[in-house]
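The values are calculated or read from the model by the stated rules, or taken from the named source; none is laboratory data. What you see is a predicted model; the values in this text were computed from it and never measured. Heads up, the Cβs are rebuilt from the backbone with ideal geometry, glycines too, and the neighbour counts pull from every protein chain shown. The area values use the complete protein model at the heavy-atom level, side chains included, leaving out ligands, DNA and RNA. Shrake-Rupley method; radii C 1.70, N 1.55, O 1.52, S 1.80 Å.
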Amino acid sequence: MEVIIRPDADQAAALTARLIAQEVRLRPNAVLGLATGRTMERVYNHLVRLHQTEGLSFRECRTFNLDEYIGLPPEHSGSFAYYMRRHFFSRVDLRPENAHLPNGLAADLPAECARYEALIRQSGGVDLQLLGIGPDGHIGFNEPLSALRSRTREKALTSSTRQANADAFGGDFQQVPCRAITMGVGTILEAKRCILLATGERKAAIVAQAVEGPITAMVSASALQLHPRCVVIVDEAAAAGLDGADYYRWLFEHEPEWEAFR
Ligand code: F6R
């Protein structure tokens with residue numbers, strides 16, 4: 001795992017977008033694993049800007065979102081399908097048929113989860129997985145005690161997650177669905193590369209647990225310590241609890257790998 005600390009949320013998001021752009025330029029038909037949430041809005045804005053100003057093309061890419069609420073139609077403004085159309089899909093040249101989310105309206109949810117896993121496999125697996133982190137340490141909607149080998153499945157959401165996501169439901173957490181389909185921790189760990197982005201002081205404590213604490217199913221993001229190619233990008237506020245912050249800063253300034261991104 002590598003940790004990169006950027007001065008503020010916008011620079012952290014810009015670096016994340018540049019790493020995604022690097023992947024897409026290297027591999028125009030890349031399979032991208034995508035996330036939603038407030039943190040990612042800046043990343044999508046940067047990617048759209050790169051599309052508009054530098055001709056970054058997603059025409060041959062395929063995308064798989066981490067999760068979707070159960071019971072919401074894709075037209076519902078709280079659904080992740082709606083979020084993705086609004087923030088990314090409608091603003092770039094990705095082909096609609098190549099953009100995948102779990103179907104939270106499927107009549108047979110276990111079959112839908114199996115179909116989603118199979119589709120990811122048939123696409124050759126995720127090349128680059130974008131991740132946020134929830135206040136309870138979730139990645140995707142893998143709430144505490146999710147098995148570290150879990151696969152795409154239904155998951156009940158904690159009340160802290162429902163509260164954190166209430167904005168998209170008029171601020172009323174009771175309106176946030178109780179269940180979602182999410183890629184599992186095991187599914188996420190199979191991505192060839194992972195980038196976790198966390199910004200703001202609200203995330204500082206959980207980032208420290210995930211990055212420097214023990215690997216535990218209580219903090220799903222800590223499983224990323226097992227991943228051979230995982231970068232955690234944080235702003236200074238989210239880095240506040242990291243014991244090794246000085247070392248991480250030094251590495252970013254000196255490792256040749258990051259020269260083009262400094
Ligand atoms: C969303 C997702 C979640 C979010 C996390 C952080 O698709 O998978 O894990 O990334 O809840 O959300 P924000 O950025 O709103 O704090």
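Miscellaneous remarks
- A single member of G33, G78 is at pLDDT 95 or above, in contact with a Phe, Trp or Tyr (Cβ under 6 Å, 6 or more places away or on another chain), crowded, with 17+ Cβ neighbours inside 10 Å and in a loop (DSSP other than H, G, I, E, B), and it is G78.
- Residues in the range 129-161 that are within 15 Å of the ligand (Cβ to nearest atom), hydrophobic (A, V, I, L, M, F, W, C) and touching a helix residue (DSSP H, G or I) at 6+ places or on another chain (Cβ under 9 Å): L130, L131, I133, I139, F141.
- Test: R162 is open to solvent by 50 Å² or more (accessible area, probe 1.4 Å) and either modelled with pLDDT of 95 or more or in a loop (DSSP other than H, G, I, E, B) (or both): no
- Hey, Y44 within 14 Å of the ligand (Cβ to nearest atom), touching an Asp or Glu at 6+ places or on another chain (Cβ under 8 Å) and not in a loop (DSSP other than H, G, I, E, B) or not: no
- Annotation: I206 fulfils all but one of (1) away from the ligand (no atom under 13 Å from the Cβ); (2) open to solvent by 10 Å² or more (accessible area, probe 1.4 Å); (3) farther than 22 Å from R62 by Cβ; the unmet one is (1).
- When the test is whether a residue is open to solvent by 40 Å² or more (accessible area, probe 1.4 Å) and in contact with a Gly (Cβ under 8 Å, 6 or more places away or on another chain), L105 passes it.
- Among strands (runs of 3 or more DSSP E) entirely within the range 169-262, having at least 1 residues that are over 19 Å from E23 (Cα atoms) and of a type in the set (D, E) singles out 230-235.
- Matching residues in the range 64-77 - criterion: being within 12 Å of the ligand (Cβ to nearest atom) and closer than 20 Å to N45 by Cα: F64, N65, L66
- Scanning the range 52-93 for residues that are under 19 Å from the mean Cα position of the chain (by Cα) and acidic (D, E) yields D67, E68.
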